[in-house]
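Everything on this sheet refers to the single structure shown next.
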Amino acid sequence: MAPENPQNQRTGSTTRAESDLSLEVVILLVFGVFMLLFGLLLFRIHTGELPYAPDSTYGLFLVIVSFQVITMGKTPFGDLRRSWAVIIIGVCTAVIGMVACFVPGLLAEPVRILVGLLLFAGGATLLAQLFFSEDKARLWLKIPGILRHLTIACILVYAMSIILGLVTLLPGITTDRETAVLLIIYGIGFFYLSWCIQKAARTYPPGETPA
């Protein structure tokens with residue numbers, strides 16, 4: 001069997017590197033697809049063309065959040081060590097979300113309030129951490145390139161979390177069409193954030209401190 005051309009080897013390595021997405025980026029992409037699809041479908045839900053069970057949607061959101069908590073210790077309020085307590089909280093959140101999905105109407109009000117609080121309080125907490133932590137926005141904005149994009153992406157996602165948290169907690173403050181537009185922007189924000197994180201990880205590998 002003839003040895004592979006070195007150029008082809010380099011090309012293959014590059015292809016593998018480009019498709020090597022971290023788990024965090026994959027989950028963010030799932031969130032982006034979820035929000036974007038929800039926003040697009042909400043236009044047809046508003047006209048009555050499609051059936052809609054809000055608590056099932058909230059339940060699915062909780063399941064995705066719990067997966068992020070269990071696998072990486074990343075909560076809506078920031079990163080935590082993956083202790084047993086964190087894992088148990090994640091599993092309990094997943095169970096609540098699954099019950100809401102399987103039995104629409106059973107946990108409608110509690111799930112809506114829980115999701116609203118997670119979005120609003122989580123977005124506010126992360127936004128505060130972004131600006132007050134010395135190793136985040138204060139540092140990133142001093143460095144040209146991807147870290148500035150990362151700061152903008154974080155601000156967009158966290159601000160939209162706060163807004164949609166209020167929309168969830170206070171139904172009726174926006175129309176369905178306005179909510180749909182907000183969800184689409186939120187989904188695009190997740191895509192932007194996932195690209196920034198992947199790009200930053202390649203530009204600044206673990207252990208390398210940007211000067």
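Restricting attention to the range 95-110, the residues that are under 23 Å from the mean Cα position of the chain (by Cα), under 9 Å from SER56 (Cα atoms), open to solvent by less than 80 Å² (accessible area, probe 1.4 Å) and among the hydrophobic types (A, V, I, L, M, F, W, C) total 4.
Might you let me know whether the range 46-54 holds any residue that is open to solvent by 50 Å² or more (accessible area, probe 1.4 Å), at pLDDT below 90, assigned to a helix (DSSP H, G or I) and closer than 21 Å to LEU183 by Cα? The answer is yes, given that some residue of the range 46-54 is open to solvent by 50 Å² or more (accessible area, probe 1.4 Å), at pLDDT below 90, assigned to a helix (DSSP H, G or I) and closer than 21 Å to LEU183 by Cα. Among all positions in the range 110-121, there is at least one residue which is under 21 Å from ILE162 (Cβ atoms), modelled with pLDDT of 90 or more and of a type in the set (D, E, K, R). The residue that is most open to solvent (accessible area, probe 1.4 Å), counting only those in the range 167-194 that are part of a helix (DSSP H, G or I) and of a type in the set (Val, Ile, Thr), is ILE188. Residues THR57, THR15: which one is modelled with pLDDT under 85, assigned to a helix (DSSP H, G or I) and out of contact with any Pro (no Cβ under 6 Å at 6 or more places or on another chain)? Result: THR15 is the single residue among THR57, THR15 that is modelled with pLDDT under 85, assigned to a helix (DSSP H, G or I) and out of contact with any Pro (no Cβ under 6 Å at 6 or more places or on another chain). Determine whether VAL33 is at pLDDT 90 or above and open to solvent by 50 Å² or more (accessible area, probe 1.4 Å). Criteria met by VAL33.
Only one of the listed residues (GLY122, GLY90) is in a helix (DSSP H, G or I) and closer than 23 Å to GLY39 by Cβ. That residue is GLY122.
Restricting the range 157-166 to residues that are under 10 Å from TYR186 (Cα atoms) and of a type outside the set (A, V, I, L, M, F, W, C), the residue that is most open to solvent (accessible area, probe 1.4 Å) is TYR158.
Within the set GLY116, GLY48, GLY105, the sole residue that is under 26 Å from GLY172 (Cβ atoms) and free of Cβ contacts under 8 Å to residues at least 12 places away in the same chain turns out to be GLY48.
Of all residues in the range 61-90 being open to solvent by 70 Å² or more (accessible area, probe 1.4 Å) and touching a residue at least 24 places away in the same chain (Cβ under 8 Å), which is farthest from LEU164 (Cα to Cα)?
Of the range 61-90, the ones open to solvent by 70 Å² or more (accessible area, probe 1.4 Å) are 67, 77, 79-82, 84, 88-89.
Remaining after also requiring touching a residue at least 24 places away in the same chain (Cβ under 8 Å): 67, 77.
On the way: PHE67: 21, PHE77: 16 Å.
The residue in question is PHE67.
For the range 127-156, give me each residue that is part of a helix (DSSP H, G or I) and open to solvent by less than 30 Å² (accessible area, probe 1.4 Å). Residues satisfying the conditions are LEU130, ALA137, ILE146, LEU147, LEU150, THR151, ALA153, CYS154. Of all the residues in the range 125-149, those that are under 18 Å from PRO76 (Cβ atoms) and basic (Lys, Arg) number 1.
The values are calculated or read from the model by the stated rules, or taken from the named source; none is laboratory data. All values reported here derive from a predicted model rather than from experimental measurement. Neighbour counts run over all protein chains shown; Cβ positions are idealised from the backbone, glycine included. Ligands, DNA and RNA are stripped out before the accessible areas are found, and what is left, the full protein with its side chains, is counted by its heavy atoms. Shrake-Rupley method; radii C 1.70, N 1.55, O 1.52, S 1.80 Å.
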